[in-house]
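Presented below is the structure to which this report refers.
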Amino acid sequence: MPRSDERFASAAAALGLSLEIRRFPQGTRTAVDAARAVGCELGQIVKSLVFVADGEPFLALTSGSNRADPERLASVLGAREVGPASADEARAATGYAIGGNERVAGVGSGRPRASTAWTVKVYAPFRRDR
């Protein structure tokens, strides 16, 4: 089992979660890839996207068939500037690389940011891409 899977499994167990980690040799770098691999509709996939609002990283969770809108995120967060995190910012915030198979960013990373509670905000409607 890869080290990142072990970290994730340990963190999940510490939270009292029992889960099965499945690896897909063909990869699941995109929501389309993930939906194909598990045999579900694109909208049933949850994408975890790391953004930065006024210099602070945050995690946006959205359906695989939707796109996160930085302007709407800025409005919800009360931020002046919101944009996608760079690869380095995402790894520093979550402990994982962008597009990796670790789909629950931050869980089990062992990094200080990951041990902090994420602020959760829900907004709707999402913009649906077809």
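The values are calculated or read from the model by the stated rules, or taken from the named source; none is laboratory data. Bear in mind the structure is a predicted one, so any value in this text is a computation, not a measurement. We place every Cβ from the backbone using ideal geometry, glycine too, and count neighbours over all the protein chains shown.
Please specify each residue of the stretch 76-85 satisfying the condition of being touching a residue at least 24 places away in the same chain (Cβ under 8 Å) and either basic (K, R) or surrounded by fewer than 17 Cβ atoms within 10 Å (Cβ to Cβ) (or both).
Residues satisfying the conditions are V76, R80, E81, G83, P84.
Being in contact with a helix residue (DSSP H, G or I) (Cβ under 8 Å, 6 or more places away or on another chain), small (G, A, S) and in a helix (DSSP H, G or I) is the filter; apply it to the stretch 1-37 and report the residue that is farthest from A85 (Cα to Cα).
Out of the qualifying residues, it is A35.
Considering only residues that are under 22 Å from R91 (Cβ atoms) and out of contact with any Lys or Arg (no Cβ under 8 Å at 6 or more places or on another chain), look in the stretch 16-34 and name the one that is surrounded by the most Cβ atoms within 10 Å (Cβ to Cβ).
If we take residues in the stretch 16-34 being under 22 Å from R91 (Cβ atoms) and out of contact with any Lys or Arg (no Cβ under 8 Å at 6 or more places or on another chain), then D33 is surrounded by the most Cβ atoms within 10 Å (Cβ to Cβ).
Exactly one of these conditions fails for C40: (1) surrounded by 13 or more Cβ atoms within 10 Å (Cβ to Cβ); (2) in contact with a helix residue (DSSP H, G or I) (Cβ under 9 Å, 6 or more places away or on another chain). Give me its number.
All conditions pass for C40, except number (1).
Which residues, counting only those in the stretch 50-97, are of a type outside the set (S, T, N, Q), more than 24 Å from A11 (Cβ to Cβ) and part of a loop (DSSP other than H, G, I, E, B)?
Within the stretch 50-97, D54, G55, A68, D69, G78, A79, R80, E81 meet the criteria.
Please list, ordered by first then second residue, the pairs with beta carbon atoms under 6 Å, 6 or more apart or interchain, first in the stretch 41-63 and within 14 Å of V76 (Cβ to Cβ), second surrounded by fewer than 17 Cβ atoms within 10 Å (Cβ to Cβ) and at pLDDT 85 or above.
Every condition considered, the pairs that remain are F51/P84; D54/R80; D54/E81; L61/V46.
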